[in-house]
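**Student:** Structure in structure tokens, see below.
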Amino acid sequence: MSKPFISGAAFGAALTAAAIHQPDVIVEQMTFQNWHMVLTFLTVSGTSTLLVNALQRLGYLHLNPREYSTVGLFSVLDGNILGGLLLGAGLTVSGSCPGTVFAQIGSGIRSGLYTLGGGILGGIIWSGFLRSVLQSRAKSNTKASDGKTHHLTLDKWTGASHLATFIGVEALFASAVATIAYLASPESGGLVDPVTGGIIIAGAQMVSIVTRKSLLGTSSSFEEVGDYFWWAVGQRNRPKSYSAIALTSGMVIGALVVSLASPSARTTSNITIEPIRAVFGGVLLAVGSRMAGGCTSGHGISGMSLLSISSFVTVAAMFVGGAGVAAIIE
């Protein structure tokens, strides 16, 4: 499990250097006071899309797009929509996400410990109860819709060529980054500016590709912990994998190393996330990300790189959910 650990260490170090893990950066993005998070996010997504598609064309990578997440309520994408809304709410409530929580712990941000506790609780709830119920509903819905074709990628959906779609998506990313950088000029409390931070995080994606031939994603670690919990209490068979746990453990170490090597990376957050709020937010993060089949990294950084429709839908729902909750509580 050294390869996931190495990938995680690179990811955790990059998040900390970019300071995108700070609670105030996340919460203030949802209130549109600080555009640091979105600027970094769009940069890393655009750079990762470039890397992934180039390596796919060269034959180095062979990855499938993200499947739709369905819970059998109102759409084949209802899991992505509802899960994304819960995930976004969790971002605002906890000031964290399923990936940055591990960087928070490594860099000594206290609320991260409570958020992780909530995430573990959410993983236990998900793997013990919600997963089986929602999978059963999804199977029933799938049987009812047999014969219907659902396109998984933007190029298949639009009917355009893969290259044309890729160029269009990259143009949108680039124009959005340029516009936000010019109009908002967000500053970073980290070691680098937001755009450079995004490129560094995309470098962590490259580390994952080189070491594992796989893309970054962290939220499955909560599900793995939940599976191990139910195995430990004698309710399940021993889980077969702990690769996501290894990856997120590496993230903690990577963030810790950067924080120790550069004290300026250990900035103090401008907001305080109370323990009960952090725990509740952690539950929302875990349940929402598993319902959506991915999180800000799995969908936002990796899934969109594969032009997956489900990832774009999840990310859009995430920001709607986060901004909606922020309008109520902030």
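**Student:** Test I201 against the stated conditions and say whether it is in a helix (DSSP H, G or I) and more than 21 Å from A19 (Cβ to Cβ).
**Tutor:** The answer is no for I201.
**Student:** Under the condition of being of a type in the set (V, I, T) and surrounded by fewer than 17 Cβ atoms within 10 Å (Cβ to Cβ), which residue from segment 211-252 is farthest from the chain's Cα centre (by Cα)?
**Tutor:** So the residue we want is V233.
**Student:** Now for a separate question. Please go through segment 181-198 and give me each residue that is over 25 Å from A13 (Cα atoms), in a helix (DSSP H, G or I) and aliphatic (A, V, I, L, M), ordered by number.
**Tutor:** L183
**Student:** Do the conditions hold for I180, that is, is it surrounded by 22 or more Cβ atoms within 10 Å (Cβ to Cβ) and either hydrophobic (A, V, I, L, M, F, W, C) or in contact (Cβ under 8 Å) with a residue 40 or more places away in the chain (or both)?
**Tutor:** no
**Student:** How about segment 18-59: which of its residues are farther than 20 Å from L215 by Cα, more than 16 Å from the chain's Cα centre (by Cα) and buried (at least 24 other Cβ atoms within 10 Å of the Cβ)?
**Tutor:** Of everything in segment 18-59, just one residue is farther than 20 Å from L215 by Cα, more than 16 Å from the chain's Cα centre (by Cα) and buried (at least 24 other Cβ atoms within 10 Å of the Cβ), namely H36.
**Student:** Tell me which of these S241 doesn't satisfy, since it passes every other one: (1) modelled with pLDDT under 95; (2) more than 22 Å from S2 (Cβ to Cβ); (3) in a loop (DSSP other than H, G, I, E, B); (4) not aliphatic (A, V, I, L, M).
**Tutor:** Single failed check for S241: (2).
The values are calculated or read from the model by the stated rules, or taken from the named source; none is laboratory data. Everything numeric here is computed off the predicted structure, so don't read it as measured data. With ideal geometry, Cβ positions are generated from the backbone for all residues, glycine too; neighbour counts draw on all protein chains shown.
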